Structure formats: C-alpha cells, structure tokens
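Nothing in this text is a laboratory measurement; each read-out follows from the coordinates by a stated rule. Given the structure is predicted, the values throughout are model-derived calculations rather than measurements. So basically every Cβ, Gly included, is an ideal-geometry build from the backbone, and we count neighbours across all protein chains shown.
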Amino acid sequence: MKRSLIRMSGLGGQGLVTAAHILGTAATKDGLVSTVNPFFGAEKRLAPAESYVRISTEPIHQRGEVLFPNIIMIFHPHVITLGKCYTMPFFDGLQPEGIIIVNAEGELGIGREDLDKLAALGARLYSIPATAVAVEVAETELATNMAMLGALIGVTRIVTFASLREAVLERFGGAKFVASGTTAALDNVLAAKFTKMAQLVDKNMAVMEAAAEAVQEHSLAAPRKGGCHVCGRQG
C-alpha cells in the first residue's frame, strides 16, 4: 500500500484550502483514495493556516490533522523564519526520508541545527520561488498555491497533470463544495481575473507546469568553509 500524508503550512489568504481540495480531487480522478481537512484559527489574512491531505491506494480511515506527514509544504517563508505555524518546529513529526517543499527565493531561513535534524531523518529538501512563478506566469500572487502544487508534482508525480486540470475546472467551474467565507472570496477574486473559464484553467496549468520545472533540491550536508549553510550551495 502506498500512502502520502501531506501537511500544508502557510498563512491565511494563500489558498491552502483550495490547493488541498484540488489535490485531493485530482487524486480521486486518478483512481486513488483521498481525504482533505483544513485547519485555521482566526479566519484572516496572514494568520497561520494548515491543510491536510491523505492520498492512498487503499481505503483511508483517519481524519483530521496529519501528525506524521511524509510530505510537508511550506507556502510562506514566515512559517520558518517567524514561527507562524501551528506545528513547531515546522518539520515536527516528519517521517524518515520525508519531503519538504518551501516557497522561497534565495535562502530558506533554516538554521544549521534544524538542517542537521533533517539530515538525520534522511529528509529531502526542495525550494520553489512559487510566488515569483505565479506573478510571472499568471500575473497574480493568488496563483502561488498552484505553483506549490506544481512543485509537488515535479518532485513526487503524486497525481497527473491531466487530473489536476479536471480538478481545477471543477473547483472554479461552479461545482458544489463546502468552503469558508474567506476561501470562497479568494476563489472568486482569482476567477474574476480571467474573462473565460478556459483562460483561468490554462493559466493555472501553466503555473503548475512552470513550477514543476523550477523546483530545486537542496543539500542538507554541512557546507565547506565559505559555503551557504541554508541553501546548500558552496561558495
């Protein structure tokens, strides 16, 4: 049995709930089993928010928070640098050989001590300038969540792009789903930026495909003298 346990951590207004819903829907369309559970406290922009997605080839009986993820997605660098997260440290509970994907440009803000702990777990660390990709391709930061999904697919191939296209069309095309007021409002703002549904879907897919190509892996090894202890590059 193959099972993916995903924790998405970010800030309110970044579309974590939408990203989780689209990913779970895509998994179902690929013939997998999925459950999606959002969690947020104060429903406002920039407040900590998390969403949890379980994807499996077998029935899933668990619900709620994912305590021991094998994939962690960090939608905003402040989750790491300012501790804006319901789970501290941000990688708490990560399974051995787990994957972390961070939305960041340049340094990730992860200290040497935490990098050593991740290395001991055999973790794999990736980054993607998701917000920059969203702005460049879709001309809006609201597509940052789509870029994060693209990075996930680039690293894991957990679902197909074909199923993601169907899921995006279903999410924004008027299908019924339960969403909070803020999530629904953000979805509507994104949809309003494009005159036709086909344009919205195409732009979101373009963002995901670009992000899948742009995602980069970082070394967790201690750098040589003059190297970058955060990004894994050597000076």
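Here residue 196 is the anchor, and the aspartates and glutamates within straight C-alpha reach of less than 18 Å, apart from those fewer than 8 places off in the same chain, are 139, 166, 170, 187. Length gained on full extension, residue 121 to residue 156: 10.8 nm, using 0.36 nm per residue less the C-alpha separation.
Based on the Stokes-Einstein relation at 25 °C and a viscosity of 0.890 mPa s, and on the Kirkwood radius from alpha carbon pairs, the stretch 3-216 is assigned a translational diffusion coefficient of 145 µm²/s. Work through the residues other than residue 87 whose Cβ is under 13 Å from its Cβ and net out their charges, Lys, Arg +1 and Asp, Glu -1. That works out to -1. A crude spin-label estimate for the pair residue 47 and residue 95, with each label 7 Å from Cα along the Cβ direction, gives 3.1 nm.
How charged is the neighbourhood of residue 37? Take every other residue with its Cβ under 13 Å from the Cβ of residue 37, and add Lys/Arg as +1 and Asp/Glu as -1.
Numbers: positive: 7, 54, 63; negative: 50, 65.
That sum, taken over residues with Cβ under 13 Å, equals +1.
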